[in-house]
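Below is one structure, written out as structure tokens, with a few remarks after it.
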Amino acid sequence: MLRTTRCPGPCAMLALSLFMGYGVVLCVAGQNDTEPIVLEGKCLVVCDSNPSSDSGVTSSLGISVRSAGAKVAFSAVRGTNHEPSDMSNTSMTIYFDQALVNIGNHFDLKASVFQAPRRGIYSFGFHVVKVYNRQTIQVNLMQNDYPVISAFAGDQDVTREAASNGVLLQLEREDRVYLKLERGTLMGGWKYSTFSGFLVFPL
């Protein structure tokens, strides 16, 4: 199926020359509409008088070409209660040992850090469980080593309790997001804890 979007004259000519052979995209002359069109799940063409170089392959005439399959999502879980030897009192990064989803491979499981592949709006959520631990814990979601949101778990009368929170963030390319134990300890482990995120839309 072929759909059209309006582009400026030079943009239309270049789009046709680039894509007509593939039967995927057609731009017609008219006003400069910047809404991207997905055709046959193959690609995105954005006709923009002010193109951004971090959003894809962009020509000087204002065409940004992106892969329609460039999706980003991850979900990591703690499957055991064993505390990794490299979780020191210096970093206090909360580590995960299994990636249930890692589309795009932008979550580094060993470091338990997500790195944004592009500028955009991202959604993050976490659920950190303390097990048989009577201490209050504070968990921070960190963006480039700065705390953005926190969650607390401090009920001393239960065997398991979770510190949970979620947020939308605007990230730049290569921004890093991870979880840090700001207060308390996770002695006894944090099995069943999760950390998830995904790209809502690019900017």
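Observations on the structure shown:
- Unique residue being modelled with pLDDT under 50, farther than 19 Å from Gln170 by Cβ and open to solvent by less than 60 Å² (accessible area, probe 1.4 Å) when the list is Val139, Val65, Val131, Val38: Val65
- Scanning the stretch 173-186 for residues that are touching a residue at least 60 places away in the same chain (Cβ under 8 Å) and either under 18 Å from Ser123 (Cα atoms) or open to solvent by 40 Å² or more (accessible area, probe 1.4 Å) (or both) yields Arg173, Asp175, Arg176, Val177, Tyr178, Leu179, Lys180, Glu182.
- Residue list for the stretch 170-202, filter: part of a loop (DSSP other than H, G, I, E, B), under 17 Å from Gln115 (Cβ atoms) and in contact with a strand residue (DSSP E or B) (Cβ under 7 Å, 6 or more places away or on another chain): Glu174, Asp175
- Residue within the stretch 132-145 that is closer than 16 Å to Ala76 by Cα and among the acidic types (Asp, Glu) present: no
- Out of Phe152, Phe124, sole residue that is assigned to a strand (DSSP E or B) and open to solvent by 30 Å² or more (accessible area, probe 1.4 Å): Phe152
- The residue that is farthest from the chain's Cα centre (by Cα), counting only those in the stretch 96-139 that are within 12 Å of Glu161 (Cα to Cα) and among the aliphatic types (A, V, I, L, M), is Val131.
The values are calculated or read from the model by the stated rules, or taken from the named source; none is laboratory data. All values reported here derive from a predicted model rather than from experimental measurement. Heads up, the Cβs are rebuilt from the backbone with ideal geometry, glycines too, and the neighbour counts pull from every protein chain shown. Areas reflect the complete protein model, heavy atoms only, side chains present, ligands, DNA and RNA absent. Shrake-Rupley method; radii C 1.70, N 1.55, O 1.52, S 1.80 Å.
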